[in-house]
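Novice: Attaching a single structure in structure tokens format; questions to follow.
We did not get these values from a lab; they are worked out from the coordinates using the rules stated. Just so we're clear, the structure is a prediction, and the values are computed from it rather than from any experiment. When we count neighbours, we look across all protein chains shown, and the Cβ atoms used for this are built from the backbone with ideal geometry, even at glycine.
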Amino acid sequence: MKRTLTRREFLRLMMAGSGAAVLAACGGQSGQSTSPTAPAVVSQPGSKVKITYWGSFSGNLGEAEQAMVKAFNESQNEVEVEYQFQGNYEETAQKFTAALQANTTPDVILLSDVWWFGFYLAGAITALDDLARQVNLDFNDYEPVLLNEGVRKGVHYWIPFARSTPLFYYNKNIWAETGLPDRAPETWAEFSEWAPKLVKSDGSRAAFGHPNGASYIAWLFQGVVWQFGGQYSLPDFTMTMTDPNTLRAAQFYQDTVVKEKWAILSPNLNQDFIGGAIASMMASTGALAGIQANATFPVGVGFLPRETNFGCPTGGAGLAIVSRAPAEKQLAAMKYIAFATNPTSAGVWARSTGYMPVRISTKQAPEMIEFFKQNPNFKTAVDQLPKTRAQDAARVFVRNGDQIIGKGLERIIVNGETPSSVFADVNAELTKAAQPILEDLKAVEG
């Protein structure tokens, strides 16, 4: 007999206006078993516990993710992890939503910064503290700014794994050709002076590239908003998109494309940077290894530019355990999380990808110190980490907050609409979208 989700479980997990489409898109899962949840004991004593892990990476990141699973399976004989690629972060979350309705959920899952919270509110992911104690996992060795984002009411629900921050990337060859110092700009005002030198008059190269709404422009703009003294929202979900400093940041973004014409909106930011269509960009630390491997020029990275303040958000994804999984599988999943995020594995993952080492002790390991010496670009993100902070609730806790803000930025940059008018609309839409979240918060946390 199929279990039907409660209204809070089902409706809150559906993306606004697309719930039916999500289930239709995942209809291929209907052939899977929809039997009730398995009993607490799922294997005979002494046998391997088999669990399913849903991942979200492709390309070199996917290879590194699968290598982590393979290393874990080969390291012990108690647990066997089956890796299943589900698509990008959004596709993974959508499939998980459908799987909750069909009762075909995995045991452990990678969830992005904008998705884990909704599944926490729905009760779809479980508290991890007791499981962590059973496998002797020490939370004190995790980077606090990364670990604390997954904590609610003193309880851990989401463990940092593929965590990132934005960096300022620049093409060192172009920098040298134009006589610029070999470093990232210290402020946006400084870069505005540099930018015209980087532009090609025939239109074949822009000084800087912004991602579009589908490629996390709202994540990168989060840092810029802070740099200009604004914010998306207050912790209590009061929206501040019409704050004068938030609008000032939006006006700056518009001016770079519409007025000053040294930046473009790119549908494929990393590829345009590698191909030389843009001389610089802000992009994730998690892209560093792939960009350096594919670029035909030396890549430079630096801290994000300042304006009134310095501002840089955390991002990326963490690991969660599905609350419906039987107790034995939950413990097995925790063993995998402990392995994938232990000091040694965290170093392997960071060196393979560019993502942050999530453990404090990893940075102090001899192999990591030597790696940073040979690859200083990778150390830049680690050095910047103490300056970062968790994102505003409007983007990471409000359902579709990223898309709402991103579409607003596209109206400002592409259509040339007035920031105050656009962000008034965005503020109203975010406020409306936050209401069910506030209701759920009250129900779950009191």
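Novice: Working from Cα positions, state the angle (0 to 90°, nearest 10) between the long axis of helix 89-102 and the longest principal axis of the chain.
Specialist: 30 degrees
Novice: Which three extents, in whole angstrom, do the alpha-carbon atoms of segment 232-364 cover along their principal axes, largest first?
Specialist: Result for segment 232-364: principal-axis Cα extents of 60, 46, 30 Å.
Novice: Okay, moving on. Treat the count of other C-beta atoms within 10 Å as a stand-in for reagent exposure and order 324, 163 from fewest to most.
Specialist: Ordered from fewest to most neighbouring Cβ atoms within 10 Å, 324, 163 come out as 324, 163.
Novice: Continuing with this model, one more query. May I ask you to give the average projected area over all directions of the convex hull of the Cα atoms of segment 361-428, in nm² rounded to one decimal?
Specialist: Quarter of the Cα hull surface area: 7.2 nm².
Novice: If you wrap a convex hull around the Cα atoms of segment 326-376, how much volume per residue is inside, in Å³?
Specialist: Measuring per residue, one finds 71 Å³ for the Cα hull of segment 326-376.
Novice: For segment 310-446, how big is the tail of P(r) above 19 Å, as a whole percent of Cα pairs?
Specialist: Distances greater than 19 Å cover 68 percent of the Cα pairs.
Novice: Here's another thing I want to ask about it. So what's segment 251-295 giving for Rg/Rh, alpha carbon basis, Kirkwood Rh from the mean inverse pair distance?
Specialist: Ratio of gyration radius to Kirkwood radius for segment 251-295: 1.03.
Novice: So what's the angle, to the nearest 10 degrees on a 0 to 90 scale, between helix 343-353 and the longest Cα principal axis of the chain?
Specialist: 50 degrees
Novice: Follow-up. Can you give me the three principal axis dimensions of segment 180-260 from its C-alpha atoms, in Å, biggest first?
Specialist: Answer, in whole Å and largest first: 47, 26, 21 Å.
Novice: Compute the separation of the alpha-carbon centres of segment 344-362 and segment 282-343 and state it in Å as a whole number.
Specialist: The distance from the Cα centre of segment 344-362 to that of segment 282-343 comes to 9 Å.
Novice: With the cut-off at 20 Å, tell me which of the pairs 197/387; 95/432; 48/70; 153/442 have Cα atoms farther apart than that.
Specialist: Over 20 Å apart, Cα to Cα: 197/387; 95/432.
Novice: If you average the alpha carbon positions of segment 373-402 and of segment 124-189, how far apart do those two centres end up, in angstrom?
Specialist: Their Cα centres are 5 Å away from one another.
Novice: Now, a different point. Just the Kirkwood number for the chain, please: inverse of mean 1/r across all distinct Cα pairs, in Å, one decimal.
Specialist: In the chain this quantity evaluates to 22.8 Å.
Novice: Do the sum for the chain: with -39,500 (n - 2.57) for every DSSP H run of n ≥ 4, divided by all residues, what is the mean residue ellipticity at 222 nm, to the nearest 500 deg cm²/dmol?
Specialist: -13000 deg cm²/dmol
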